[in-house]
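Shown next, in structure tokens, is the structure this report addresses.
The values are calculated or read from the model by the stated rules, or taken from the named source; none is laboratory data. As the structure is a computational prediction, the values presented were derived from the model and not from experiment. Cβ atoms come from the backbone with ideal geometry, glycine included; neighbour counts cover every protein chain shown. Just the protein is used for accessible areas: all its heavy atoms, side chains included, with ligands, DNA and RNA removed. Shrake-Rupley method; radii C 1.70, N 1.55, O 1.52, S 1.80 Å.
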Amino acid sequence: MFAVTASGCGQTVSGSAHPAGSSTGGTVNSNFDKLLRECEIVTVDQIADAIGAKGPPAPEPSFYGAVCMWYALNAPGGAAMITLNWYEIGSLNNEKTNNDKLGYSTTNVTVQGRRGLETRRPNDPDSCGVSAGAADQGVIGFWINYRPGSAHPDPCAGAKKLVELTLNLAR
């Protein structure tokens, strides 16, 4: 006969619970007048320069929501999709864990003196993402996807440049 014993641990923490990211003394902005401000952290000219786009038209916003996306018709090799993600509650360790689960290759890089991640999908030399810790909290990242099989610059270099610009502007 076997005996099984369950034991646990508990701890009482004093104070009041508040949602993540909230402050204890301020009020919440319910005017929603700053929604999607992140999508304007870099200009379309800076995006065009980072991906090597030449001449007009400028990259066009194609989606603003949970992420910000631009479509550049005049990118090297044809077209390119540029995506900004900004997770206010996130960490590079979590990004690395998710990349591993997806089978992506992740390399540590330094961006504006911060630890960053360079991420590539297997057998996809046409795209790359670079993420870094945001200036205050969370994680920011840019992905560049060039037309498959086209002649283009290293997408990681462009993604890193956009993250650098974002960190400079976010300070």
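Things worth noting here:
- Within segment 34-88, the residues that satisfy the criterion of being outside any strand (DSSP E or B), open to solvent by 50 Å² or more (accessible area, probe 1.4 Å) and closer than 20 Å to residue 151 by Cβ are 49, 54, 55.
- Any hit, segment 89-97, residues being farther than 17 Å from residue 42 by Cα, assigned to a loop (DSSP other than H, G, I, E, B) and of a type in the set (A, V, I, L, M, F, W, C): yes
- On the stretch given as segment 134-166, residues that are surrounded by 24 or more Cβ atoms within 10 Å (Cβ to Cβ), within 10 Å of the chain's Cα centre (by Cα) and more than 12 Å from residue 50 (Cβ to Cβ) total 2.
- Restricting the search to strands (runs of 3 or more DSSP E) fully inside segment 110-171 and requiring at least 3 residues that are touching a residue at least 60 places away in the same chain (Cβ under 8 Å) and under 18 Å from residue 42 (Cα atoms) gives 139-146.
- Among the residues of segment 50-60, the ones that are without any contact (Cβ under 8 Å) to a residue 40 or more places away in the chain and either hydroxyl-bearing (Ser, Thr, Tyr) or closer than 18 Å to residue 159 by Cβ (or both) come to 2 in all.
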